[in-house]
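Let me begin by presenting the structure, written as structure tokens, before commenting on it.
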Ligand code: BGC
């Protein structure tokens, strides 16, 4: 069986296109990672109290929900490609606006705008990549997006670190994001619309041209056959309406999308991403060491996402999802034990860092990439935008809930109690995934549609 890397070399055009589209994921990750460091300086400069700081953080998450709702419609009307161009332009405006903000209100407003762009990019990127990729490498290529998210988080940590001594530090931290925003908008001008969107809009001739370019090296009859399959799938799903997603036939698909969306957040991922330095400081470390160790969490996230990219098409989505979720659940139990027992904490002070690293590795090989990948695969062609949009909104809403509730939850049920709660949700996730999540690797989107809708 040719390896993923061989396949990439044989499909250079698709690989280049996927890398450009994945810049959307980078914008998402950069914002996730940059704000905690920038906030340290913003609060002094703009005199922002705790509530205003919460607004500054939350405005992006709320904007992302709005972006995810509206861009489902845009991806359908003006194409996935143009929606991504728009999202890049919005991001540039948002980043420059944030950097030039003279008061907290302005910053909140521009972060909301940035959120609309991030929410849009968060699902139109995997959707675009999945619709142009050949089935054999779709898992790895679509997960370029998750790779870009994790790179964005890591680069943001480094940017925060290097800019911290400069005058106007936080303005630079937020402003430099305009560069990848512009790269996304300009890069997307150079790539085609997806064949699936073109067929849906009756532009079969153009779709065939795109398929011929994308599948260079394959026989012309293969491109024609792929076009016929897409046409058939579009015709079969033509009469479906958005409300069908909640009706009996398609409800199981929506349930899988929503469960992946909610569990991806409810196992506590972003408390680890946002609060890792705080969690580590609670183990008795000073701030500098805690921040340095947080970098280890960011690097592990990136490295294990690379592992997922290389394996998703070889071993399939389900084994990675189940193994990753089991590993992160076990790590949560270890964290709970660590914080519950002074004896454990005293005799093995390194255990908290090890548990955090193992946790993020489990997330990075499973739920991290698999959620975004699967929601781009399981919905029928004409309902893909709507299905992905609903799942993405649920994911951002859960992200918001978990991020704002972590500290209060620790106050109410203690730190071990909070990690045990996440672990309990991890067990529920495992049971649901084992019973309900289908395997989607190595099949065309049309074959997946046929099987899932008919069963
Ligand atoms: C999640 C984000 C998370 C990131 C971490 C993404 O798949 O949706 O909420 O911050 O992974 O790598």
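The values are calculated or read from the model by the stated rules, or taken from the named source; none is laboratory data. Keep in mind it's a predicted model, so treat the numbers as computed, not measured. No Cβ is skipped: glycine too gets one built from the backbone with ideal geometry, and neighbour counts run over all protein chains shown.
Considering only residues of region 1-15 that are modelled with pLDDT of 90 or more and under 23 Å from the mean Cα position of the chain (by Cα), which is surrounded by the most Cβ atoms within 10 Å (Cβ to Cβ)? The extreme case among them is 14. Of all residue pairs spaced 6 or more apart or on separate chains, those with beta-carbon atoms under 7 Å, a first member in region 379-406 that is farther than 10 Å from residue 245 by Cβ and a second member that is assigned to a loop (DSSP other than H, G, I, E, B) and within 15 Å of the ligand (Cβ to nearest atom) are 388/376; 402/268. In the condition set (1) within 16 Å of the ligand (Cβ to nearest atom); (2) not in a helix (DSSP H, G or I), residue 248 is compliant with all but (1). Taking residue 262, is it within 16 Å of the ligand (Cβ to nearest atom) and part of a helix (DSSP H, G or I)? Yes. The set of residues from region 387-398 being within 20 Å of residue 74 (Cα to Cα) and within 16 Å of the ligand (Cβ to nearest atom) comprises 388, 389, 390, 391, 392, 393, 394, 395, 396. Is region 147-161 home to any residue that is within 16 Å of the chain's Cα centre (by Cα), closer than 19 Å to residue 193 by Cα, crowded, with 24+ Cβ neighbours inside 10 Å and in contact (Cβ under 8 Å) with a residue 24 or more places away in the chain? No: region 147-161 contains no residue that is within 16 Å of the chain's Cα centre (by Cα), closer than 19 Å to residue 193 by Cα, crowded, with 24+ Cβ neighbours inside 10 Å and in contact (Cβ under 8 Å) with a residue 24 or more places away in the chain. Among the residues of region 357-386, just one is assigned to a loop (DSSP other than H, G, I, E, B) and within 11 Å of the ligand (Cβ to nearest atom), namely 366.
Please work out if residue 335 is in a helix (DSSP H, G or I), within 13 Å of the ligand (Cβ to nearest atom) and under 14 Å from residue 268 (Cα atoms). Spelling it out, it is not the case that residue 335 is in a helix (DSSP H, G or I), within 13 Å of the ligand (Cβ to nearest atom) and under 14 Å from residue 268 (Cα atoms).
Determine which member of the set 268, 284, 257, 298 is on the phi > 0 side of the Ramachandran plot and within 16 Å of the ligand (Cβ to nearest atom). Answer to the selection: 268. All told, residue 170 meets the bar of being under 25 Å from the mean Cα position of the chain (by Cα), more than 16 Å from the ligand (Cβ to nearest atom), assigned to a helix (DSSP H, G or I) and over 27 Å from residue 371 (Cβ atoms).
Of everything listed in (1) more than 16 Å from the ligand (Cβ to nearest atom); (2) under 26 Å from the mean Cα position of the chain (by Cα); (3) buried (at least 22 other Cβ atoms within 10 Å of the Cβ), the single unmet condition for residue 233 is (2).
Here's the yes/no breakdown for (1) free of Cβ contacts under 8 Å to residues at least 24 places away in the same chain; (2) in contact with a helix residue (DSSP H, G or I) (Cβ under 8 Å, 6 or more places away or on another chain); (3) under 21 Å from residue 275 (Cβ atoms):
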site: 60; (1), (2), (3): no, yes, yes
site: 63; (1), (2), (3): no, yes, no
site: 75; (1), (2), (3): no, yes, no
site: 110; (1), (2), (3): yes, yes, no
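Mind listing just one residue for me: the one in region 16-40 that is surrounded by fewer than 21 Cβ atoms within 10 Å (Cβ to Cβ) and modelled with pLDDT of 95 or more and, of those, farthest from the ligand (Cβ to nearest atom)? Within region 16-40, the match that is farthest from the ligand (Cβ to nearest atom) is 16.
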